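Here is the structure we will look at.
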């Protein structure tokens with residue numbers, strides 16, 4: 001499943017695939033081999049095309065604020081399933097919360113039977129050495145937890161069900 005990344009007014013189709021310690025990142029059909037290392041805090045060292053970048057990445061709502069030098073960009077990620085849910089405005093009934101990108105489950109923050117509120121963290125998925133907290137799309141009760149820490153997930157993989 002492709003991920004859509006919105007940077008300002010530009011929309012890009014992104015596919016990320018792990019290859020050993022690196023990532024193959026395809027953006028709008030152009031592939032790049034990327035090495036990303038977490039430094040400390042929100043800082044990362046990224047090597048791509050022989051060029052090194054030091055960036056900070058801060059979670060902001062549904063996306064991230066990425067800073068490199070004096071430049072700052074807000075990047076919003078979404079997958080086809082999320083786009084369909086947002087367009088339909090579906091909030092009733094059970095909702096399966098999916099991973100927005102491939103990665104590894106670092107922590108599961110809820111258990112079956114827990115009551116959650118919209119925006120509450122449910123699962124933390126590490127992708128490209130960044131930890132991404134996946135949030136509840138609505139108030140409700142956790143009826144299924146489909147993943148466990150250490151498990152690899154693909155983009156669109158079911159994580160939990162909120163009813």
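Coordinate-derived values only; no laboratory data. Bear in mind that the values here come from a model prediction, so they are computed numbers and not experimental data. All Cβ positions, glycine included, derive from the backbone under ideal geometry; neighbour counts span all protein chains shown.
Quick notes
- Part-to-part distance (alpha-carbon centres) for the range 23-75 and the range 106-122, which is given in Å: 28 Å
- When shorter helices are ignored and each DSSP H run of at least 4 residues is given -39500 (n - 2.57), the per-residue value for the chain at 222 nm works out to -1500 deg cm²/dmol.
- With all pairs of different C-alpha atoms in the average, the Kirkwood value for the hydrodynamic radius of the range 81-162 is 12.6 Å.
- Here the convex hull built on the C-alpha positions of the chain has a volume of 115 cubic angstrom per residue.
- Within the range 7-40: backbone nitrogen closer than 15 Å to the residue 154 label point (7 Å, Cα to C-beta): 15-18
- Proxy reagent accessibility, fewest Cβ within 10 Å first, across 100, 145: 145, 100
- Where N is the number of residues in the range 3-78, Cα Rg divided by 2.2 N^0.38 Å: 1.10
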